[in-house]
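Notes to accompany the following structure.
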Amino acid sequence: MNLPNQTEYVLLIMNCTQYKWKAEQQKTMWIPQVFFNNNNELANNKKMTYFHVRGDPSLKEEHSLDNENNILLVKVEDDYNSLPKKVVAAFQAISSEFPYLKYIFKTDDDQDLKDPFEFFSTMIRTLEEKKPKVHYGGHVVDVKTPYLSSYGKIHPELPDPLIIYPTQYCSGRFYTLSIEAAKDLVKKRGSIMGECLEDYAMGYHLNPIFKKTILNIDTSVHFTDSQLK
């Protein structure tokens, strides 16, 4: 869809083979309004593209990019516990494939975007105009004291208990990272691969210097959990 050397922004949507139908549903709902609407500047100036990200441990290479179908395969397991591995592997793949990349956006296959026509245009304009530069943005969760996560009740495949240490992180529903911040996380890939909670892991391992200018985004205004099961 877009030429790599023209792309400055990439949206990564976490998906898996078991639920690839969710990706297909997104392609019939809000994705066309972002990427294939002739009235949308993003569709016309080719600054942005997207990929549904799936894991495939059988890959011979570290990743495989299908630009025609907007699918990124990374060489990790495709299960829920491997989500931190999948995300940081996707960061590594995208940063190597797109040399002029400025920002990565991350969301999930169970999210519907309420205002797709305006959301990303406004987001990109904000990131380009904001001074000092924003390196991290989303709905900020500020963990002041350690606690035991109860997330295992929702996802019993997670180890129990999970200790959450003090940090600031952006909720996994949607967040953005500058390419500098994403590359910083790629350097910590070994540590991140031992984590289980993806959004917490990214915030916990991100160098604090990149969290000095967090852009707080009320994601509940723009995103809803998909009602399609």
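The values are calculated or read from the model by the stated rules, or taken from the named source; none is laboratory data. Because the structure is predicted, anything quoted here is derived from the model rather than measured. Counting neighbours? That spans all protein chains shown, and the Cβs are built from the backbone with ideal geometry, glycine included.
Details
- Residue that is surrounded by the most Cβ atoms within 10 Å (Cβ to Cβ) [pool: residues in the range 175-208 that are among the β-branched types (Val, Ile, Thr) and under 26 Å from residue 48 (Cα atoms)]: 176
- Within the range 7-36, being acidic (Asp, Glu) and in a helix (DSSP H, G or I) holds for one residue alone: 24.
- Any chance residue 75 is touching a His at 6+ places or on another chain (Cβ under 9 Å), modelled with pLDDT of 95 or more and of a type in the set (D, E, K, R): yes
- Filter result (farther than 14 Å from residue 11 by Cα and either crowded, with 23+ Cβ neighbours inside 10 Å or aliphatic (A, V, I, L, M) (or both)) within the range 89-103: 89
- Residues (among the polar types (S, T, N, Q), closer than 29 Å to residue 112 by Cβ and modelled with pLDDT of 95 or more) located in the range 203-218: 216
- Conditions (1) assigned to a helix (DSSP H, G or I); (2) under 22 Å from residue 189 (Cα atoms); (3) touching a Phe, Trp or Tyr at 6+ places or on another chain (Cβ under 9 Å); (4) among the hydrophobic types (A, V, I, L, M, F, W, C); number of the one not met by residue 105: (1)
- Note on the range 55-84: residues that are touching a residue at least 24 places away in the same chain (Cβ under 8 Å), part of a strand (DSSP E or B) and within 21 Å of residue 191 (Cα to Cα) amount to 2.
- Residue that is surrounded by the fewest Cβ atoms within 10 Å (Cβ to Cβ) [pool: residues in the range 209-229 that are polar (S, T, N, Q) and outside any helix (DSSP H, G or I)]: 227
- When we screen 85, 188, 106, 183 for residues that are of a type in the set (Lys, Arg), within 18 Å of residue 8 (Cβ to Cβ), out of contact with any strand residue (DSSP E or B) (no Cβ under 6 Å at 6 or more places or on another chain) and modelled with pLDDT of 95 or more, the only hit is 183.
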